[in-house]
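Novice: Quick one: the structure is below, and I'll ask about it shortly.
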């Protein structure tokens, strides 16, 4: 079974500063993929970034980067230069993959972290 | 524009009534998914389908039914057997290769009268 834990119900950050959203996971699978999604108040889930368990480098997508520490089973999201539009709920999720990196099965989500960016 | 559409945005259900939520995608994705989100919670998988005319139960399938007659469409029926249907329902789709990132529709909010 897979489990995602997001221990921060809410986070606050000043505009233009960086913020780290925590995510730890538990799985017995050797191969898996980790995802971060943003959910604004409108409700739609927006894909942000992906990290494969066998990827040697941490994933980056623009202002988003993933601090992946496999031994600690953590996959924290770092948002640099926060903007007011970053205020939203953020979800960490994972799926099993085969050795080639193709995912299968369901996405398991954490409880989410509400990020508020102050001007 | 390619994407996933869900309708209606809001849906009201009377006691004992079945209601159907629509999900359509024009991304040519093979797999489609239905998730339920309760207030302040993460998403839980209801059903998923990786190919036309085939679908699998997720974690909370009881009280729900689906069909996949076309690749583009994956409607969800909330039956009268679902005793607590008030929630936000999200449909997603993905290809079955590579990262298989799931892309989501805008959601349908279901309320019980």
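Novice: Based on this model, can you work out whether residue B:73 counts as more than 10 Å from chain A (Cβ to nearest Cβ), modelled with pLDDT of 95 or more and under 17 Å from residue A:44 (Cα atoms)?
Specialist: Numbers: more than 10 Å from chain A (Cβ to nearest Cβ): yes; modelled with pLDDT of 95 or more: yes; under 17 Å from residue A:44 (Cα atoms): no.
Answer is no for this residue.
Novice: Of all the strands (runs of 3 or more DSSP E) wholly in region B:10-113, which have at least 3 residues that are more than 13 Å from the chain's Cα centre (by Cα) and more than 22 Å from residue A:88 (Cα to Cα)?
Specialist: By residue number, B:10-13.
Novice: Exactly one of (1) in contact with a strand residue (DSSP E or B) (Cβ under 7 Å, 6 or more places away or on another chain); (2) closer than 21 Å to residue B:45 by Cα is unmet by residue A:28. Its number?
Specialist: (1) is the only condition that residue A:28 fails.
Novice: Right, next: Tell me, yes or no, whether region A:105-117 has at least one residue that is in a loop (DSSP other than H, G, I, E, B), over 12 Å from the mean Cα position of the chain (by Cα) and surrounded by 16 or more Cβ atoms within 10 Å (Cβ to Cβ).
Specialist: no
Novice: Kindly indicate which of A:94, A:89 is within 14 Å of the chain's Cα centre (by Cα) and more than 21 Å from residue B:100 (Cα to Cα). Full working, then the answer.
Specialist: On the way: A:94 fails: more than 21 Å from residue B:100 (Cα to Cα).
Criteria check complete, one pass: A:89.
Novice: Being free of Cβ contacts under 8 Å to residues at least 12 places away in the same chain and surrounded by 18 or more Cβ atoms within 10 Å (Cβ to Cβ), is that true of even one residue in region A:87-102?
Specialist: no
Novice: Can you find even one residue in region A:75-84 that is in contact (Cβ under 8 Å) with a residue 24 or more places away in the chain and within 12 Å of chain B (Cβ to nearest Cβ)? Even if it seems obvious, please write down each step before you answer.
Specialist: Narrowing region A:75-84 to residues in contact (Cβ under 8 Å) with a residue 24 or more places away in the chain: A:75-84.
So of that shortlist, the ones also within 12 Å of chain B (Cβ to nearest Cβ) come out as none.
Scanning region A:75-84 turns up no residue that is in contact (Cβ under 8 Å) with a residue 24 or more places away in the chain and within 12 Å of chain B (Cβ to nearest Cβ).
Novice: A further question on this structure: Condition (residue is touching a residue at least 12 places away in the same chain (Cβ under 8 Å), in contact with a strand residue (DSSP E or B) (Cβ under 9 Å, 6 or more places away or on another chain) and away from chain A (no Cβ under 12 Å)) applied to region B:35-43: is it met by at least one residue?
Specialist: no
Novice: Still on this model: Just need a number here: residues in region B:77-100 that are within 10 Å of chain A (Cβ to nearest Cβ), under 25 Å from residue B:40 (Cβ atoms) and surrounded by fewer than 23 Cβ atoms within 10 Å (Cβ to Cβ).
Specialist: Counting residues in region B:77-100 that are within 10 Å of chain A (Cβ to nearest Cβ), under 25 Å from residue B:40 (Cβ atoms) and surrounded by fewer than 23 Cβ atoms within 10 Å (Cβ to Cβ) gives 1.
Novice: Does at least one position in region A:1-9 carry a residue that is in contact with a helix residue (DSSP H, G or I) (Cβ under 7 Å, 6 or more places away or on another chain), modelled with pLDDT of 95 or more and either within 14 Å of chain B (Cβ to nearest Cβ) or part of a strand (DSSP E or B) (or both)?
Specialist: Initially, region A:1-9 is screened for residues in contact with a helix residue (DSSP H, G or I) (Cβ under 7 Å, 6 or more places away or on another chain), giving none.
For region A:1-9, residues in contact with a helix residue (DSSP H, G or I) (Cβ under 7 Å, 6 or more places away or on another chain), modelled with pLDDT of 95 or more and either within 14 Å of chain B (Cβ to nearest Cβ) or part of a strand (DSSP E or B) (or both): absent.
Novice: Please count how many residues of region A:14-26 are in a strand (DSSP E or B) and within 17 Å of the chain's Cα centre (by Cα). Give the steps one after another, and end with the answer.
Specialist: Start the filter on region A:14-26 by keeping residues that are in a strand (DSSP E or B), which leaves A:14, A:19-21, A:24-26.
Restricting the remaining residues to those that are within 17 Å of the chain's Cα centre (by Cα) gives A:19-21, A:24-26.
Total meeting the criteria: 6.
Novice: Among the residues in region B:10-18, are any within 14 Å of chain A (Cβ to nearest Cβ) and either modelled with pLDDT of 95 or more or surrounded by fewer than 20 Cβ atoms within 10 Å (Cβ to Cβ) (or both)? Walk me through how you get there before you give the answer.
Specialist: If we filter region B:10-18 for residues that are within 14 Å of chain A (Cβ to nearest Cβ), which is where we start, we get B:10-11.
With the extra rule that they be either modelled with pLDDT of 95 or more or surrounded by fewer than 20 Cβ atoms within 10 Å (Cβ to Cβ) (or both), the set shrinks to B:10-11.
Checking region B:10-18: at least one residue is within 14 Å of chain A (Cβ to nearest Cβ) and either modelled with pLDDT of 95 or more or surrounded by fewer than 20 Cβ atoms within 10 Å (Cβ to Cβ) (or both).
Novice: Does residue A:43 satisfy being at positive phi, exposed (fewer than 12 other Cβ atoms within 10 Å of the Cβ) and free of Cβ contacts under 8 Å to residues at least 60 places away in the same chain?
Specialist: On the way: at positive phi: yes; exposed (fewer than 12 other Cβ atoms within 10 Å of the Cβ): no; free of Cβ contacts under 8 Å to residues at least 60 places away in the same chain: yes.
For residue A:43, the condition - at positive phi, exposed (fewer than 12 other Cβ atoms within 10 Å of the Cβ) and free of Cβ contacts under 8 Å to residues at least 60 places away in the same chain - is not met.
Novice: Now for a separate question. Report the residue count in region A:47-74 for those that are within 12 Å of chain B (Cβ to nearest Cβ), surrounded by 15 or more Cβ atoms within 10 Å (Cβ to Cβ) and not in a loop (DSSP other than H, G, I, E, B).
Specialist: Total satisfying the criteria: 6.
The values are calculated or read from the model by the stated rules, or taken from the named source; none is laboratory data. These numbers were taken from a predicted model, which means no experiment stands behind them. Virtual Cβ from ideal backbone geometry, glycine too; neighbours counted across all protein chains shown.
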